[in-house]
């Protein structure tokens, strides 16, 4: 079977499209992406399938969920406003690359390790942010603000612009 016709690859692509386009219910989307990564890691660590198998089927199981989740996270937060997460994401990405390199001897070259570190970083960063949001037990903080101006353009396509006053502590 050709790698691009693998049922696993088809499921991965469908979950990616679902994650990027309409991720509802969000917990199920997170679970599906996490399950794909866990399955891929299990297949690599148990040495049942190599990381790069012909057309990179297993590599896509690591990379696509990470990109999809990172795109979802970028819609909710400013990515670089959470600098504390960057160190965790790099450490998790390095750990994932190390586990893959230990399990698959073909991945033990410096260029491949660097590529894995970069390609797995979105997965680790999005995972860290989603974990932080999901497991945050602090009560929500409500900030009040004033709408200073509302504008609706009168062109063929209406565009709404709202100007808010300051909010926060």
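Listed values, structure above:
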{"quantity": "Verdict on residue 138 being out of contact with any strand residue (DSSP E or B) (no Cβ under 6 Å at 6 or more places or on another chain), at pLDDT 80 or above and surrounded by 10 or more Cβ atoms within 10 Å (Cβ to Cβ)", "calculated": "no"}
{"quantity": "Residues of the stretch 107-117 satisfying the condition of being out of contact with any helix residue (DSSP H, G or I) (no Cβ under 8 Å at 6 or more places or on another chain) and surrounded by fewer than 13 Cβ atoms within 10 Å (Cβ to Cβ)", "calculated": "109, 110, 111, 114"}
{"quantity": "Residue that is without any contact (Cβ under 8 Å) to a residue 12 or more places away in the chain and surrounded by 10 or more Cβ atoms within 10 Å (Cβ to Cβ), where the choices are 153, 93", "calculated": "153"}
{"quantity": "Pairs with Cβ under 6 Å, 6+ apart, first in the stretch 128-150 and farther than 21 Å from residue 72 by Cα, second assigned to a loop (DSSP other than H, G, I, E, B) and at pLDDT 75 or above", "calculated": "143/167; 145/165; 145/167; 146/165; 148/165"}
{"quantity": "Residue match in the stretch 43-59 (condition: surrounded by fewer than 16 Cβ atoms within 10 Å (Cβ to Cβ), modelled with pLDDT of 80 or more and more than 13 Å from the chain's Cα centre (by Cα))", "calculated": "no"}
{"quantity": "Lone qualifier among 80, 62 - being over 30 Å from residue 10 (Cβ atoms), in a helix (DSSP H, G or I), at pLDDT below 85 and out of contact with any strand residue (DSSP E or B) (no Cβ under 7 Å at 6 or more places or on another chain)", "calculated": "80"}
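The values are calculated or read from the model by the stated rules, or taken from the named source; none is laboratory data. Please read all numbers here as calculations on a predicted model, not as lab measurements. Counting neighbours? That spans all protein chains shown, and the Cβs are built from the backbone with ideal geometry, glycine included.
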